[in-house]
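J.: Dumping the structure here so I can ask a few things about it.
The values are calculated or read from the model by the stated rules, or taken from the named source; none is laboratory data. Fair warning: this is a prediction, and the values are worked out from it, not measured in the lab. All Cβ positions, glycine included, derive from the backbone under ideal geometry; neighbour counts span all protein chains shown.
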Amino acid sequence: MSIQKSVKNLRKGRAAGQRNPSLYGFLLLSISLPLVACRVERPHSILDPAGPAADQIATLWWQMFWVYGVVFIITLGLLFLALRSRRRDGSPLGSRFVFMAGIAIPALILVGMLVLTLRVMGNLHASSEDFQVKVISHHWWFEVQYPEYGVADANEIHVPVGSMVRFELSAAGVIHSFWVPRLGGKRDMLPDYYTELYLQADEPGVYQGTCTEYCAGVHALMGFRLVAHEPKDFARWLERAAEPPPTPADSHLQRGQEVFMGSSCAGCHTIKDLSQGTIGPDLTLIGARHTLGAGTLDNNRGNLAGWIANSQALKPGNEMPLSYLEPEDLLALVDYLWSLQ
Ligand code: CUA
């Protein structure tokens, strides 16, 4: 439908006292948009910042929201006036008005916003770091390394509160992207090349992270958790994580370890001082993680058993094959893995 036809219909409808549903729907949507900022549980909201980088991004977002909101309302007002006007003589507004409202003022606003954006972008790159973490993305999971401490983990990143952390990001395979919405901006993870991102968490807590570049398959199930600890708790965690995993405390756990070593598990997964598989996530700290399958499921013994038995039903296309374990072996394996905390 052409614009003239829509306007004609709108006028016809107004003359007949009808309401235009699409116009009212549009107005309702515009009014309800600011409500997304209401304070509810929003693990992926940039409007609930918990660190200096996210703070600056949220401030910039609000500046854009108000400036463009005012522009939007003025534009709607002018549109409304134009629709109401019944004058047919085309009474020109004058080239001066067209120049000011159509070129000069928009250009001024856009340049102002560009300056604000560039300033924030410049500030996001910290000049020094307190701590460094390496993250490598794989076919729908994240490998995490603390190179200075000889600690490896997967799909979970531990950092101290109040420290500037430098993330060195890369990818094995296709391009992914790293994002912890409540802590800062996004950064692409590229094969054969590393990128960096600086983040700081101001409060202890568990922050949700996600892959934010479509990477085919189960991209939607590629997440991670970032756990921010008080500095002394973090030091304790790091010390614990650097130690060798506990040896099986009884014959049941011993059997679980034997199942792990005797089945295909050990070929794909690393457990420190035990196996060196690199296809799947490192399992040295599996019992302490918040999630399974890179954020797919909560980590508990039931979900762990389900994941081992048939992870394809939970996250189709991941690289873990089906396992055909006897129930007692599966139980022993689950308990052994659960003991790795
Ligand atoms: Cu990895 Cu999307």
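J.: Which of the residues spanning the range 78-112 are modelled with pLDDT of 80 or more and of a type in the set (Lys, Arg)?
T.: If the condition is that a residue be modelled with pLDDT of 80 or more and of a type in the set (Lys, Arg), then 84, 96 are the ones that fit.
J.: Would you tally the residues in the range 296-336 being under 14 Å from residue 155 (Cβ atoms) and among the basic types (Lys, Arg)?
T.: 1
J.: Ok, one more. State all residues of the range 216-242 that are assigned to a helix (DSSP H, G or I) and of a type in the set (A, V, I, L, M, F, W, C); if no residue qualifies, say none. I'd like the intermediate steps shown before the answer.
T.: If we filter the range 216-242 for residues that are assigned to a helix (DSSP H, G or I), which is where we start, we get 219-221, 231-242.
Result: 220, 221, 234, 235, 237, 238, 241, 242.
J.: For residue 159, are the conditions met, namely being in a loop (DSSP other than H, G, I, E, B) and not charged (D, E, K, R)? Outline the logic, then answer.
T.: Working: in a loop (DSSP other than H, G, I, E, B): no; not charged (D, E, K, R): yes.
For residue 159, the condition - in a loop (DSSP other than H, G, I, E, B) and not charged (D, E, K, R) - is not met.
J.: Among the residues of the range 244-272, write down those that are closer than 30 Å to residue 207 by Cβ and part of a loop (DSSP other than H, G, I, E, B).
T.: 244, 245, 246, 269, 272
J.: Give the number of residues within the range 273-292 that are in a loop (DSSP other than H, G, I, E, B) and either over 13 Å from residue 341 (Cβ atoms) or free of Cβ contacts under 8 Å to residues at least 24 places away in the same chain (or both). Break it down into steps so the answer makes sense when it comes.
T.: First, the residues of the range 273-292 that are in a loop (DSSP other than H, G, I, E, B): 273-274, 277-285, 289-290.
Subsequent filtering for residues that are either over 13 Å from residue 341 (Cβ atoms) or free of Cβ contacts under 8 Å to residues at least 24 places away in the same chain (or both) retains 273-274, 277-282.
The number of residues fulfilling the criteria is 8.
J.: Restricting to the range 174-207, count the residues that are within 16 Å of the ligand (Cβ to nearest atom), of a type outside the set (Asp, Glu) and in a strand (DSSP E or B).
T.: Qualifying residue count, the range 174-207: 9.
J.: Considering the range 136-164 alone, what residues qualify as being on the phi > 0 side of the Ramachandran plot and either within 16 Å of the ligand (Cβ to nearest atom) or of a type in the set (Val, Ile, Thr) (or both)?
T.: Looking only at the range 136-164, we keep the residues that are on the phi > 0 side of the Ramachandran plot, and these are 140, 150, 155, 162.
Within the range 136-164, 140, 155 qualify.
J.: Scan 195, 212 and give me the residue that is within 18 Å of residue 145 (Cα to Cα) and of a type in the set (S, T, N, Q). Steps first, please.
T.: Numbers: 212 fails: within 18 Å of residue 145 (Cα to Cα).
Among 195, 212, only 195 is within 18 Å of residue 145 (Cα to Cα) and of a type in the set (S, T, N, Q).
J.: Which condition number does residue 144 fail, the rest of (1) within 30 Å of residue 221 (Cβ to Cβ); (2) touching a Lys or Arg at 6+ places or on another chain (Cβ under 6 Å) being met?
T.: For residue 144, the failing item is (2).
J.: Filter the range 244-303 for residues that are under 33 Å from the mean Cα position of the chain (by Cα) and among the basic types (Lys, Arg); which is surrounded by the most Cβ atoms within 10 Å (Cβ to Cβ)?
T.: Of everything passing the filter in the range 244-303, 289 is surrounded by the most Cβ atoms within 10 Å (Cβ to Cβ).
J.: Taking into account only those residues within the range 304-341 that are of a type in the set (A, V, I, L, M, F, W, C) and in a loop (DSSP other than H, G, I, E, B), which is nearest to the chain's Cα centre (by Cα)? It would help to see each step written out before you state the result.
T.: Initially, the range 304-341 is screened for residues of a type in the set (A, V, I, L, M, F, W, C), giving 304-305, 307-309, 313-314, 320, 322, 325, 330-334, 337-338, 340.
Checking which are in a loop (DSSP other than H, G, I, E, B) leaves us with 320, 322, 325, 340.
Details: 320: 24, 322: 29, 325: 35, 340: 27 Å.
Top of the filtered list is 320.
J.: Let me spell it out: the conditions are (1) modelled with pLDDT under 95; (2) over 26 Å from residue 47 (Cα atoms), and residue 121 meets all of them except one. Which number is the exception?
T.: Condition not satisfied by residue 121: (2).
J.: Can you list residue pairs whose Cβ atoms sit under 9 Å apart, with the first residue in the range 188-216 being over 24 Å from residue 162 (Cα atoms) and the second being of a type in the set (D, E, K, R) and away from the ligand (no atom under 16 Å from the Cβ)? Count only pairs 6 or more apart in sequence or on different chains.
T.: Within 9 Å, the pairs are 194/134; 194/168.
J.: Looking at (1) aromatic (Phe, Trp, Tyr); (2) surrounded by 22 or more Cβ atoms within 10 Å (Cβ to Cβ); (3) modelled with pLDDT of 95 or more, which is the only condition residue 214 fails?
T.: With (1) aromatic (Phe, Trp, Tyr); (2) surrounded by 22 or more Cβ atoms within 10 Å (Cβ to Cβ); (3) modelled with pLDDT of 95 or more applied to residue 214, the lone miss is (2).
J.: Checking residue 244 against (1) closer than 17 Å to residue 287 by Cα; (2) within 16 Å of the ligand (Cβ to nearest atom), which test does it fail?
T.: (2)
J.: Of the residues 115, 159, which single one is under 30 Å from residue 340 (Cβ atoms) and either over 20 Å from the mean Cα position of the chain (by Cα) or modelled with pLDDT of 95 or more (or both)? Reasoning before the result, please.
T.: On the way: 115 fails: under 30 Å from residue 340 (Cβ atoms).
Only one candidate qualifies: 159.
J.: Considering (1) over 17 Å from the mean Cα position of the chain (by Cα); (2) touching a residue at least 60 places away in the same chain (Cβ under 8 Å); (3) surrounded by 15 or more Cβ atoms within 10 Å (Cβ to Cβ); (4) assigned to a loop (DSSP other than H, G, I, E, B), say which one residue 153 fails and leave the rest.
T.: Going through the list (1) over 17 Å from the mean Cα position of the chain (by Cα); (2) touching a residue at least 60 places away in the same chain (Cβ under 8 Å); (3) surrounded by 15 or more Cβ atoms within 10 Å (Cβ to Cβ); (4) assigned to a loop (DSSP other than H, G, I, E, B), residue 153 breaks only (4).
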